[in-house]
Every structure is written in C-alpha cells, then in structure tokens.
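Written below as structure tokens is the structure these notes are about.
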Amino acid sequence: MDLFGNIKPAETALAGVILLKGFALKDEATLLADLTSIITQAPLRHMVTPSGFAMSVAMTNCGELGWVTDRQGYRYAHLDPLTHKPWPSMPASFLALSQAAALTVGYADFIPDACLINRYLTGARMGLHQDKNERDFTQPIVSVSLGVPAMFQFGGFKRADKTLSFPLYHGDVVVWGGDARLRYHGVLPLKASTHPALGESRINLTFRKAG
Ligand code: MD3
Ligand code: FE
C-alpha cells in the first residue's frame, strides 16, 4: 500500500500471474495433432497418490522428464513407468508456444524440460496443492488450457488461505512466476460441456524446468 491507501498490483494475490487470453489459438491444429501423437506413445493414465487414491485427472508427459506419482511419492522421472520407455520428446510446437509465452512476459531464457499433460473429463478435479518437485522456483510454469472451460482456484502460501477462482478457457495461456510460483492452486470439478475439437474433455499442458 502507498501513503494514499492504494494497493499495488505487485502486492495482490495475482502478483506473478500473467494471463495471455487466446495465446494458443493460432497453433491449435498443430498442438492437437502433436498431442494425439504423444498420447499414442505414452497413454493417459490415472496415477495413484502416495496415500493410495487414483487421481480423477488422467495424465501423461512429454519432454526429458515426466511428473509421476505412486505409493512411493511425487517426483520427476526419465522413464514412463507404464511403457518403461523415455517420455515422447517435446514437440517443436509445444516448445515454441511455451517459450513465446514466457518471452512475452519477460522470461527470455525459459527452457522447459518437462511438459505434464492433464486430461479432465466431467467431474474430474485437482485439489489444492503446491508445485514443489522442481529444482528452481525462480523458473516460471507456463500453462495452456484446451477444450472445455474449468474454474481454477488460486490461494495463498498455506492450504487454508482463502482462494479466488477464475475460469480458464480454450486457448488461454498463463505464466506463473515470481510470487505466484509457490501459491496453492487447484481446479474445481469440471462441469459437463462440449468443445468442438476436444469433446467433453479439458486438456491442460504445464511446461516446467524441472531438472
Ligand atoms: C500456479 N494443473 O499440473 S494449470 C498442475 O489446470 C496443475 O491442470 C492445473 O496445477 C490444471 O500442477 C492448473 C495452472 C497452474 C499450473 C501450475 C502452477 C498454476 C500454477 C504452479 C504454481 C502456481
Ligand atoms: Fe499445480
């Protein structure tokens, strides 16, 4: 706050969050073709949390590292535990989109080595969590939303902190850096709806520098 009681954007809950509405729309066809190829090589699957529950979101990865969870915990792995093969390489379209988004908001040397692919069907959700398995929290995470819209929840630095919610639509790209990087966040249960290209599903790509 300044002397006059004005709140600076840098001090609000949304500091470090930059929403690029529709930023992925121009690449939609290529992104979806590349996504299909990845899912053919590394199928979407419902991973199990350390406490033993199957996640409602189905996941896979591309890039050098992939995020995985099982009874042993959350971590990044070089091999897909389902196929025992390396994750599919990151398509040029994915890399270019994520780097263009990062550059647009001032991250000139974002080199993601992991892309987590989340698939939500009606009712799928992601509880409030922090992303803490990456090495360097000064690196942003770039997210790309495709398909059915979802209500995203964004909180504080403790799980119990109050949250605000906003919708994420097909083509939206968000860069999460700075003060946003370690905030709790989640996705409310997906409402039934249909998207022309993706049917009843929502796909979220998150680009990370994990290693
Ligand atoms: C804010 N995915 O994969 S994307 C995740 O829509 C995850 O599937 C959600 O949370 C999804 O970990 C949200 C937006 C997002 C991603 C990572 C973040 C927001 C973030 C990391 C830190 C802060
Ligand atoms: Fe997350």
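The values are calculated or read from the model by the stated rules, or taken from the named source; none is laboratory data. Predicted model, so just to flag it, every value in this text is computed and none were measured. Positions of Cβ are generated from backbone atoms using ideal geometry, with glycine treated the same way; all protein chains shown enter the neighbour counts. For the accessible areas, the whole protein counts, side chains as well, though only heavy atoms, and no ligand, DNA or RNA atoms are used. Shrake-Rupley method; radii C 1.70, N 1.55, O 1.52, S 1.80 Å.
Where in the stretch 101-211 are there strands (runs of 3 or more DSSP E), lying wholly inside it, with at least 3 residues that are more than 10 Å from ligand 1 (Cβ to nearest atom)? Steps first, answer last, please.
Details: elements: 114-120, 126-129, 141-147, 150-154, 164-168, 173-176, 185-187, 202-208.
Passing ranges, in order: 164-168.
Name, by its number, the condition in (1) open to solvent by less than 70 Å² (accessible area, probe 1.4 Å); (2) more than 15 Å from the chain's Cα centre (by Cα); (3) touching a residue at least 40 places away in the same chain (Cβ under 8 Å) that does not hold for GLY106.
(3)
Could you say whether any residue in the stretch 4-11 is within 24 Å of TYR184 (Cα to Cα), at pLDDT 95 or above and either under 15 Å from the mean Cα position of the chain (by Cα) or part of a loop (DSSP other than H, G, I, E, B) (or both)? Even if it seems obvious, please write down each step before you answer.
Filtering the stretch 4-11 for residues within 24 Å of TYR184 (Cα to Cα) gives 7-11.
This time we only want the ones that are at pLDDT 95 or above, so: none.
There is no residue in the stretch 4-11 that is within 24 Å of TYR184 (Cα to Cα), at pLDDT 95 or above and either under 15 Å from the mean Cα position of the chain (by Cα) or part of a loop (DSSP other than H, G, I, E, B) (or both).
Quick one: would you say ALA29 is loosely packed, with under 13 Cβ neighbours inside 10 Å and under 24 Å from LEU121 (Cβ atoms)?
Working: loosely packed, with under 13 Cβ neighbours inside 10 Å: yes; under 24 Å from LEU121 (Cβ atoms): yes.
Judged against the criteria, ALA29 is a match.
Matching residues to (1) surrounded by fewer than 19 Cβ atoms within 10 Å (Cβ to Cβ); (2) under 13 Å from the mean Cα position of the chain (by Cα):
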{"site": "LEU121", "(1), (2)": "yes, no"}
{"site": "GLN130", "(1), (2)": "yes, yes"}
{"site": "PHE137", "(1), (2)": "yes, no"}
{"site": "ARG183", "(1), (2)": "no, no"}
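Here are GLY186, GLY156, GLY199: which of them is more than 16 Å from ligand 2 (Cβ to nearest atom), touching a residue at least 40 places away in the same chain (Cβ under 8 Å) and more than 26 Å from ASP109 (Cα to Cα)?
GLY199 is the lone residue from the list that is more than 16 Å from ligand 2 (Cβ to nearest atom), touching a residue at least 40 places away in the same chain (Cβ under 8 Å) and more than 26 Å from ASP109 (Cα to Cα).
Just to be sure I understand, how many residues within the stretch 40-68 are of a type in the set (Val, Ile, Thr) and surrounded by fewer than 17 Cβ atoms within 10 Å (Cβ to Cβ)? It would help to see each step written out before you state the result.
As a first pass, look at the stretch 40-68 and keep what is of a type in the set (Val, Ile, Thr): 40, 48-49, 57, 60, 68.
Okay, now just the ones that are also surrounded by fewer than 17 Cβ atoms within 10 Å (Cβ to Cβ), so 40, 48-49.
The number of residues fulfilling the criteria is 3.
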